[in-house]
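Working notes, structure below.
The values are calculated or read from the model by the stated rules, or taken from the named source; none is laboratory data. Every value quoted in this text rests on a predicted model; they were computed, and no experiment measured them. Here the Cβ positions follow ideal geometry from the backbone for every residue, glycine too, while neighbour counts run over all protein chains shown. The area values use the complete protein model at the heavy-atom level, side chains included, leaving out ligands, DNA and RNA. Shrake-Rupley method; radii C 1.70, N 1.55, O 1.52, S 1.80 Å.
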Amino acid sequence: MERTYIMVKPDGVQRGLVGEIIKRFEQRGYQLMALELLHPTKEHLEEHYKDLAGKPFFPGLIEYMLSGPVVGMVWAGKEVVKIGRKMLGETNPLASLPGSIRGDFAIDVGRNICHGSDAVESAEREIALWFPRGVPEYKRDISVHGLIYE
Ligand code: IDP
Ligand code: MG
């Protein structure tokens, strides 16, 4: 089953949007596999965002991500990486359609409340980074949701 790493960033936690973001993934039909509120170190965040290390906004991004706790989650289900990104909206909230999380709750690219992996490979890398003890699988009674998994 495809998995993705979704994170509520410090501004999302401060604004009380954790439940709202969880709700959207749950009601869409995705399966919650792991969930943790944590205070990541600078080194951990630099590793998470290592592909962006050369960008001018990188120091500001790390400072923002260090401003408070984050909530990390693993969600699983059909095409969850791609659909999860759609549910989050565009990187710049101003380009995000209403109905997406950023399109409903944010206006600033530097305070865009959530993170979602951008590919299956980066999702697996991020899951290993944020949940190093592993993420156990569990069975879900999918018939109650009307979902059919291949
Ligand atoms: P993503 O979060 O939509 O995948 P990335 O390009 O991976 O976007 O950038 C990671 C994060 O860095 C963004 O979510 C945003 O918080 C921040 N960021 C990206 N571009 C800019 C920018 O131009 N100015 C300020 N912050 C930015
Ligand atoms: Mg990204």
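Take the range 79-107 and flag every residue that is more than 8 Å from ligand 1 (Cβ to nearest atom) and open to solvent by 80 Å² or more (accessible area, probe 1.4 Å). Selection gives GLU79, LYS82, LYS86, LEU94, LEU97, PRO98, ILE107.
Does any residue of the range 98-113 turn out to be in contact with a Ser or Thr (Cβ under 7 Å, 6 or more places away or on another chain), closer than 22 Å to ARG3 by Cβ, without any contact (Cβ under 8 Å) to a residue 60 or more places away in the chain and within 16 Å of ligand 2 (Cβ to nearest atom)? Among the residues of the range 98-113, at least one is in contact with a Ser or Thr (Cβ under 7 Å, 6 or more places away or on another chain), closer than 22 Å to ARG3 by Cβ, without any contact (Cβ under 8 Å) to a residue 60 or more places away in the chain and within 16 Å of ligand 2 (Cβ to nearest atom), which makes the answer yes.
Report the residue count in the range 109-141 for those that are β-branched (Val, Ile, Thr) and crowded, with 19+ Cβ neighbours inside 10 Å.
In the first step, residues of the range 109-141 are kept if they are β-branched (Val, Ile, Thr); the result is 109, 113, 120, 127, 135.
Those still in the list that are crowded, with 19+ Cβ neighbours inside 10 Å too: 113, 127.
The total comes to 2.
Figure legend. Inter-residue proximity from the range 58-74: first residues without any contact (Cβ under 8 Å) to a residue 40 or more places away in the chain and open to solvent by less than 40 Å² (accessible area, probe 1.4 Å), second residues part of a helix (DSSP H, G or I) and not aliphatic (A, V, I, L, M), beta-carbon distance below 7 Å, spacing 6+ or different chains. Indicated pairs: ILE62/LYS42; ILE62/GLU46. Of the residues in the range 29-48, at least one is more than 13 Å from the chain's Cα centre (by Cα), modelled with pLDDT under 95 and farther than 17 Å from ILE113 by Cα. When we screen ALA53, ALA123 for residues that are free of Cβ contacts under 8 Å to residues at least 60 places away in the same chain and within 13 Å of ligand 1 (Cβ to nearest atom), the only hit is ALA53.
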